[in-house]
Amino acid sequence: YGDVAYKLSFKKAADEFGAICRYKIIISVITSEYYTRKDLRDGDVIVGYSEVNAENIGKQIALRDAVKKNNIKKIISFHPSIRHSENFVGEEEISVKHRLSDFDLFNVSSNKKMSIRRSTMVDFKKADTALISNAQCLTEGVDVPSVDMVAFISPKKSKISIVQAVGRAIRKPRGSNKELGYVFVPVFLEKAKD
């Protein structure tokens with residue numbers, strides 16, 4: 001793209017200019033001696049009358065705990081597919097609605113008409129506490145400055161997509177005293193002895 005005219009780091013943009021917020025990354029730690037990372041990945045738990053992957057439920061519980069601990073009001077969650085993003089906020093036992101019962105839940109996808117997407121975004125902005133799930137709709141070109149947290153429910157490989165998604169959480173609305181944007185990463189670390 002040519003010569004760099006001016007370079008502004010995240011740190012300088014946050015600390016010196018107040019243009020963006022600093023960010024905090026939230027991960028989960030498995031502390032039980034009875035469960036391992038493999039147990040979560042391969043195991044199922046009974047939720048209601050259905051068997052559900054233990055890792056998915058673990059991610060939702062970790063997300064719920066992060067929301068409560070950090071007083072999060074608005075979340076954008078990123079998923080690997082449209083089906084996954086719809087199920088995350090849907091009606092089934094695998095839905096996060098069972099863990100975030102006081103949140104309004106929304107979904108946008110490229111399968112929906114633009115007018116429906118716009119309407120959904122307006123409803124999301126108006127809600128006091130809300131989560132909106134998507135597969136690849138909300139990384140760039142979206143004006144939602146009130147987002148407190150972005151949640152990567154599944155791993156993302158594109159550095160550009162990650163940076164653009166994190167930008168949703170660290171945006172600072174004009175006149176806001178927002179200090180932190182949160183990034184939820186679904187990594188489970190096992191505490192090892194010694």
Report relative contact order for segment 53-192 in percent, whole number only (criteria: Cα-Cα under 8 Å, sequence separation at least 6). 27
Cα gyration tensor category, rounded, prolate or oblate, for segment 64-138 with a/c compared to 1.5: oblate
Could you sort Y182, Y6, Y23 by accessible area so the largest value comes first, with the probe set to 1.4 Å? Y6, Y23, Y182
Among K74/K178; K12/K68; K74/K172; K24/K69; K74/K112; K11/K157, the pairs whose Cα-Cα distance exceeds 20 Å are K12/K68; K74/K112; K11/K157
Residue-level accessible surface for I27, protein heavy atoms, 1.4 Å, Å²: 80
Using the Cβ atoms and a cut-off under 15 Å, what net charge is assigned to the surroundings of E16, where Lys and Arg are +1 and Asp and Glu are -1? +3
Given the whole protein assembly as supplied and a 1.4 Å probe, what does the accessible area of D128 come to in Å², nearest 10? 130
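The values are calculated or read from the model by the stated rules, or taken from the named source; none is laboratory data. Bear in mind that the values here come from a model prediction, so they are computed numbers and not experimental data. A quick note on method: Cβ atoms are made from the backbone with ideal geometry, for glycine too, and the neighbour counts reach across all protein chains shown. Quick note on the areas: whole protein, heavy atoms, side chains included, nothing else; ligands and nucleic acids left out. Shrake-Rupley method; radii C 1.70, N 1.55, O 1.52, S 1.80 Å.
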